[in-house]
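The values are calculated or read from the model by the stated rules, or taken from the named source; none is laboratory data. Please read all numbers here as calculations on a predicted model, not as lab measurements. All Cβ positions, even for glycine, are placed from backbone atoms using ideal geometry, and neighbour counts span all protein chains on display. The protein model used for the area step is the full one, side chains on, heavy atoms only, and it has no ligands, DNA or RNA in it. Shrake-Rupley method; radii C 1.70, N 1.55, O 1.52, S 1.80 Å.
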Amino acid sequence: MLNSALLSSQSFVFDGLLKNWSLYGINTEQGFSYESMTHDWTNNAVGRVRLLTQCRQLYTFSHACQLTNRPDWEAMLPALFNFIVTHYYVNERWIFSLNDDLSIKDRQSDAYALAFVLLSFSHYYRVTKDDRALILMKKTHLFLLDNMQAKSGGFYEYYPVNETQIRRQNPHMHLLEGYVAAFQTTQDEDYKKAIHSLLSLAMKRFYHKETKTLREFFSADWQLDEKTGHQVEPGHHFEWVWLLYQANKILPNSDHTDLAQELWRTATKHGLAENGGIYNQIDGNTYLPIDKAKRIWPITEYLKAITVMPIGREEKVHRIETALNFIQEFYLLPNGRWNEYLNDDNTAKDFPLPGTSSYHIFLGLTEVIVWAKANNDLKDSF
């Protein structure tokens, strides 16, 4: 049962989604990824082409090339990397987005996007050994420290800095992800220090001890935002679970794995809908759902979390099978397409294919496949 679900998932990712995105979602003439695609695999122009989208595509194809031999995908990587550097690295810093005609749209430097520079360039370097990636990763790190670091801890959302802006945990979570990948690739102690700092921030600021929830929105000095401070995203709980265990391999600390287990317990108890899937958002004080719709990424993060949680094998397999069956029934579509959003009754919303989502789908499904292979639960895999 599990073997069949995993092989079906693998086929969807490698023979469907990535294959079709490489054929139709990449502008081969100029080397960049489209921001969004329609369900008939044509470009869905949305008025902007973000650095974030380019980096997520570079990461996904770079990581895929480490798992399976695809010379055609590997051949795409330098052009995509070069496009990113040529179009988004302006005056020694990264800009946010381009217009559809590839002229500059938004010159802000966005912490969330910079996290994916670190992640994607780390994986790009592993495949290509292009030293430019390492140089630009270090420049990105130094830019964050020199220009976006806040005295109250963490980083501001964007540069130029507005010190009164709402602060979010989400960019910091992805910066942790980026720094983990950067350290794994380089063993650079500067990146280890950044990991330690971000883990400390999570323990001190993001985790709400009274309710055992991870909060999303804060004031400039890390007080809960008056309007949105109660909001909790179960998908981010699961994302942090996986990341805390990845970081623990670099900086072992039982406080961090204890946090992961608290976040897991809260999210599995209150974030999983009775009819399957994971709510987009719950109230951190009452635990009741605020947004009962179900985007695809929270359940792929749930899959990742299952693989690292110290739970019994039987429970692990049951949770993976249940989640994979739900994903395949309600999200995954023929020819590598997917439903980005479900309503609370699991009917699909009409929505195009975002260029950022394949990162979640790819990593969630492949983490489970890698886990199954390591535990002799999967045969005939990559």
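With n ≥ 4 as the cut-off for DSSP H runs, can you work out [θ] at 222 nm for the chain, using -39500 (n - 2.57) per run divided by the number of residues, rounded to the nearest 500? Helix-only estimate at 222 nm: -16000 deg cm²/dmol.
Each peptide in 216-223, 145-152 receives the mean, over its residues, of other Cβ atoms within 10 Å, and ordering these scores from highest gives 216-223, 145-152. Projecting the Cα atoms of Tyr34, Tyr89, Leu136 onto the dipole axis of the chain, where Lys and Arg carry +1 and Asp and Glu carry -1 at the beta carbon, places Leu136 farthest toward the positive end. The value obtained for the range 1-102, namely the Cα convex hull volume divided by the number of residues, is 115 Å³ per residue. Positive-end ranking of Leu118, Ser219, Trp297 along the dipole of the chain, with charges on Cβ about the Cα centre, is headed by Leu118. This model, with +1 at the C-beta of Lys and Arg and -1 at the C-beta of Asp and Glu, gives the range 100-221 a dipole about its Cα centre of some 420 debye. Run the reach check for Lys209 against aspartates and glutamates, Cα to Cα strictly under 14 Å, same-chain hits fewer than 8 apart removed. What comes back? Partners within reach: Asp255, Asp258, Glu262.
The charge dipole of the chain, taken about the Cα centre with unit charges on the Cβ atoms of Lys, Arg (+1) and Asp, Glu (-1), comes to about 600 debye, rounded to the nearest 20. If you roll a 1.4 Å probe over the range 91-198 with all protein chains in place, what percent of the accessible area is carbon or sulfur? Carbon plus sulfur share of accessible area: 47 percent. For the residue pairs Lys292/Lys316; Lys212/Lys304; Lys316/Lys379, the alpha carbons lie more than 22 Å apart in Lys292/Lys316. Scanning residues 5 or more positions from Ile104 or on other chains, those with amide H under 5 Å from its amide H are Asn99, with H placed 1.01 Å from N in the peptide plane.
Report note on the peptides 335-348, 352-365: ranked by the mean count of other C-beta atoms within 10 Å, highest first, their order is 352-365, 335-348. GNM on the chain, alpha-carbon springs under 10 angstrom: the most fluctuating residue among Ile311, Ile290, Ile250 is Ile311. Judged by the mean number of other Cβ atoms found within 10 Å, the most tightly packed of the peptides 108-121, 226-239 leads the ranking 108-121, 226-239.
Taking amide H atoms as placed 1.01 Å from N in the peptide plane, the amide H of Glu216 lies under 5 Å from those of Gln231, each 5 or more residues away in sequence or on another chain. For the pair the range 1-77 / the range 81-106, the C-alpha centres are spaced 20 Å from each other. Give the residue from Asn253, Val308, Trp21 lying farthest towards the positive end of the charge dipole for the chain; charges sit on Cβ (+1 for Lys and Arg, -1 for Asp and Glu) and the dipole is referred to the Cα centre. So the residue furthest toward the plus end is Asn253.
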